[in-house]
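Beneath this line is the structure, given in structure tokens, with notes to follow.
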Amino acid sequence: MTIRIAMWSGPRNLSTAMMYAFAARGDCTVSDEPFYAAYLARTGLEHPMCAAVMASQPQEAVQVSQDLQADTDQPLWYQKHMTQHMLDGVPLDWMATCRHAFLIRHPARVVASYLQKRERPDLAELGFQRQVELFDRVAQQAGTAPPVLDSTALRADPEAKLRALCTALGIGWRANMLHWPAGPKPYDGVWAAHWYNAVHRSTGFEVAEGPLPQLDDWGARLAEAALPAYRAMAAHAL
């Protein structure tokens, strides 16, 4: 039976690097944001490469949720999910078939990074509050809090944090999670051409992050609004 790992994060959160780390294990299938097209179809948001995204995936969330319950020819299936894609009414019963983890990043870093790629988002597009809601759902159903990994701590000590994550998920650690080849990957979503230029230059997790970025007044207010949700998650970080 395939062990399905659902990793939940918002955008601009090292989520693609984490997907690359799991793909590098050699025993793991990976999926890149399977609900993205369904999210765009439902919201009507004009994201970069919107038409290509919607043509590349099922646009019905029910179909996506059914597909995610299949088995693969690998022992592990890592699913990279964006919390903001889980709109009200999206089926959640498939989550019971997964082991869950949550990837967080300080809102100031998320906002600064996001604004380099897209015009001003609203708070819901960054997924912070939805992440808390999904965390609470998983914790209630499991009777224990799922693992939370802060991307700043991950970059400061990748091996220690990845080892801790693997232990929390009940899977073996593999050292090849620390490195991957540069360039596009066959499992990237079609949106990679717009969003993944930095991670395509990488071959591992980057060095520790510096001070928080300076934001303009609008960005600072957005980051401040996301802080309570971030802090609620950070209290559970590995």
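Worth a mention:
- The number of residues in region 113-155 that are out of contact with any strand residue (DSSP E or B) (no Cβ under 7 Å at 6 or more places or on another chain) and closer than 29 Å to TRP218 by Cα comes to 22.
- The number of residues in region 139-151 being open to solvent by less than 40 Å² (accessible area, probe 1.4 Å), in a helix (DSSP H, G or I) and in contact (Cβ under 8 Å) with a residue 40 or more places away in the chain comes to 1.
- Residues in region 168-185 that are farther than 13 Å from ILE5 by Cα, out of contact with any Asp or Glu (no Cβ under 9 Å at 6 or more places or on another chain) and part of a helix (DSSP H, G or I): ASN176 only.
A quick yes/no check of all residues on (1) open to solvent by less than 50 Å² (accessible area, probe 1.4 Å); (2) of a type in the set (Val, Ile, Thr); (3) closer than 24 Å to HIS85 by Cβ; (4) more than 18 Å from the chain's Cα centre (by Cα):
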site: ARG137; (1), (2), (3), (4): no, no, yes, no
site: LEU154; (1), (2), (3), (4): yes, no, yes, no
site: GLY170; (1), (2), (3), (4): no, no, no, yes
site: GLY183; (1), (2), (3), (4): yes, no, no, yes
site: TRP191; (1), (2), (3), (4): yes, no, yes, no
site: LEU212; (1), (2), (3), (4): no, no, no, yes
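The values are calculated or read from the model by the stated rules, or taken from the named source; none is laboratory data. All values reported here derive from a predicted model rather than from experimental measurement. Note: ideal-geometry Cβ built from the backbone for every residue, glycine included; neighbour counts use all protein chains shown. Accessible surface areas use protein heavy atoms only, side chains included; no ligands, DNA or RNA. Shrake-Rupley method; radii C 1.70, N 1.55, O 1.52, S 1.80 Å.
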